[in-house]
Amino acid sequence: MPKSTIIHTVSPVSTRQGPILILTAALLWGSTGTAASFAPEGAPAAAVGSAGLVLGGPLLLLTARGNRLRYSAFERCLLLLGTCAVAGYPLTFYPAVARGGVAIATVIALGSAPVFAGLLTWITGQGRPTARWGVATVLAVSGCAVLVLGPQFSGASAHIDPAGIALAGCAGLSYAVYSLVGGRLIARGHASGTVMGAMFGAASLLVLPVLLCSGLGWLATPRGAAVALHLAVFTTFVAYLLFGYGLRHTTIAVATTLTIAEAAVAAVLGVLIVGERLPLISWCGAAVLAVALILLTRPAQS
């Protein structure tokens, strides 16, 4: 079937190109936390996250080319599922950060996403995850946990909020679901830009009430507008264009593991721009994460 062809018979050039595009998208996503830290004081976290989607989703939709309306009934159901998952991510991840802290929320969301993606890919019959993926995922999740939680190892014990953990897990599931849906539709012959535009354009309407009800005063300030534009243009529009192109040549399980690189980018930006400091153990975690990414991006030996 076509989906098997997409997953298993990819040219060596494409095998290298896909992961590079995914990693570039993760590089842009890694700037989200740093950018959001410049939002005006008092700006609701969920509203900041929703603003990027409300502004960036229509950009993806308006610039999409291809068969916008030529979807079967089954594909429309997939689009609806993907749309709900896209909208669910900012509505679960940002509240998870507010309740449980950025470190724990990031580890759980980014760490659970590839696990969910691998299980969903297997359950839906799109291919069984390979042993190489399994090893790389364990290394990536472990490295991410040590990298992000490293600063807390030497300080006071972190506050564990069950609701925050559940919300972060839901964010990871949301990301896995819309990645899987996007990859499935792309494998069925739809243009990646069209698929991403349809999901994110529709999802922007779903989260619009959240933005409106949270108040728009912060968006009227220069800092607020700059933050929203960065989230819309770079972390939503450009990043998901690249992510969609990358999905053409990368399995969903591998793609979601690669995006754990977002944690490393966020940590480095926090050091360089925000002035945060990372202990040696965090840099060791970053090194383990780098090994996992190298393992995934190297072409498989035939």
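The values are calculated or read from the model by the stated rules, or taken from the named source; none is laboratory data. Worth saying up front: this structure is predicted, and the values here are computed from it rather than measured. Here the Cβ positions follow ideal geometry from the backbone for every residue, glycine too, while neighbour counts run over all protein chains shown.
What to note about this one:
Residue by residue, here is whether (1) β-branched (Val, Ile, Thr); (2) crowded, with 23+ Cβ neighbours inside 10 Å holds:
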| residue | (1), (2) |
| --- | --- |
| Leu81 | no, no |
| Cys84 | no, no |
| Thr92 | yes, yes |
| Ala105 | no, yes |
| Leu110 | no, yes |
| Leu120 | no, no |
| Thr124 | yes, no |
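- Identity of the residue in the stretch 188-225, touching a Lys or Arg at 6+ places or on another chain (Cβ under 8 Å) and assigned to a loop (DSSP other than H, G, I, E, B), that ends up nearest to Val48 (Cα to Cα): Ala191
- Pick from the stretch 232-265, criterion more than 19 Å from Gly134 (Cα to Cα) and polar (S, T, N, Q), ranking: surrounded by the fewest Cβ atoms within 10 Å (Cβ to Cβ): Thr235
- Pick from the stretch 148-172, criterion under 14 Å from Trp283 (Cα atoms) and over 18 Å from the mean Cα position of the chain (by Cα), ranking: modelled with the lowest pLDDT: Phe153
- Residue within the stretch 272-286 that is among the acidic types (Asp, Glu) and buried (at least 21 other Cβ atoms within 10 Å of the Cβ) present: no
- Members of the stretch 7-35 that are at pLDDT below 80 and either polar (S, T, N, Q) or crowded, with 17+ Cβ neighbours inside 10 Å (or both): Ile7, Thr9, Val10, Ser11, Ser14, Thr15, Gly33, Thr34
- The stretch 45-69, subset modelled with pLDDT under 85 and over 15 Å from the mean Cα position of the chain (by Cα), residue surrounded by the fewest Cβ atoms within 10 Å (Cβ to Cβ): Leu69
- Only listed residue being basic (Lys, Arg), part of a loop (DSSP other than H, G, I, E, B) and out of contact with any strand residue (DSSP E or B) (no Cβ under 7 Å at 6 or more places or on another chain), chosen from Arg128, Arg132, Arg99: Arg128
- From the options Ala253, Ala228, Ala266, Ala239, residue that is within 13 Å of Ala51 (Cβ to Cβ) and either assigned to a helix (DSSP H, G or I) or touching a residue at least 12 places away in the same chain (Cβ under 8 Å) (or both): Ala228
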